[in-house]
Protein chains: 2
Amino acid sequence: MLADPQEASGMYGLIVKITVVPGKRDEMIGILKESAAAMPRCLSYVVAKDSADENAIWVTEVWDSLGSHDASLALPAVKNAMPRAKGLVSNFERIAVTTPVWGAGLPSAAAH
Amino acid sequence: MLADPQEASGMYGLIVKITVVPGKRDEMIGILKESAAAMPRCLSYVVAKDSADENAIWVTEVWDSLGSHDASLALPAVKNAMPRAKGLVSNFERIAVTTPVWGAGLPSAAAH
């Protein structure tokens, strides 16, 4: 199979599971929303509550490249969120690092 | 924190890890693309290669409701894909069932 244009563009994906201190999930989701409100070259960033564990949050991310992800860590909104999040998080697990190859709902590579 | 409109809409999310028979990942990704090309009320469906395991695929899905997800299983494209996929898959893990609450790149609830 030939690589499609999205694959050729070298997208970068992350699947992260965040476990919070009991009772702090909504507060943590609020911090994630603020920090992720304006992230250049982020193609998708979904924050979701685990349906079985009331203290777990899943974050699934698609970036146009690894470099765009790494650059986001220097954004003021992201840097400001980190110390606020620190006291709420009991465990942070990078479940998978991926190369997204196709996505319904993702902008096409031609749009970049 | 008050629920935002997306949360109120009752979105449904899935994070699935598919492990394929060695050498069959690209073929399996092709089948997933075909089966997911036209799924009504699917807000996001990303297929990604695991960067560390050459036989693993991650599928992350966001639906406007559980009912829309369930209805997709009856679509001809999905039903046709299942027997073709069967011989390629060595393990299918539903890693998480979620309630997405916010997503950059997701259409707003108002669009539905």
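Consider the stretch A:59-78 and keep the residues that are in contact with a Cys (Cβ under 9 Å, 6 or more places away or on another chain) and within 15 Å of A:T99 (Cα to Cα). The one that is surrounded by the fewest Cβ atoms within 10 Å (Cβ to Cβ) is A:S68. When you go through A:A81, A:A36, A:A56 one by one, which is the residue that is at pLDDT 95 or above and surrounded by 16 or more Cβ atoms within 10 Å (Cβ to Cβ)? Being at pLDDT 95 or above and surrounded by 16 or more Cβ atoms within 10 Å (Cβ to Cβ) holds for just one of A:A81, A:A36, A:A56, which is A:A56. Entry remark, the stretch B:9-66: residues being within 14 Å of A:W58 (Cβ to Cβ), among the basic types (K, R) and in contact with a helix residue (DSSP H, G or I) (Cβ under 9 Å, 6 or more places away or on another chain) number 0 in total.
So if I check each of A:V20, A:V16, A:V47, which one is open to solvent by less than 10 Å² (accessible area, probe 1.4 Å) and more than 13 Å from chain B (Cβ to nearest Cβ)? Among A:V20, A:V16, A:V47, only A:V20 is open to solvent by less than 10 Å² (accessible area, probe 1.4 Å) and more than 13 Å from chain B (Cβ to nearest Cβ).
Just to be sure before I move on: is A:E27 farther than 30 Å from B:A37 by Cα and at pLDDT below 95 in the structure I sent? Criteria not met by A:E27. Looking at (1) free of Cβ contacts under 8 Å to residues at least 12 places away in the same chain; (2) open to solvent by less than 80 Å² (accessible area, probe 1.4 Å); (3) within 14 Å of another protein chain (Cβ to nearest Cβ); (4) aliphatic (A, V, I, L, M), can you tell me which one A:V101 breaks? (1) is the only condition that A:V101 fails.
The values are calculated or read from the model by the stated rules, or taken from the named source; none is laboratory data. Remember, predicted model here, so these are calculated numbers, not experimental data. Cβ atoms come from the backbone with ideal geometry, glycine included; neighbour counts cover every protein chain shown. Note: areas computed on protein heavy atoms with side chains; ligands, DNA, RNA excluded. Shrake-Rupley method; radii C 1.70, N 1.55, O 1.52, S 1.80 Å.
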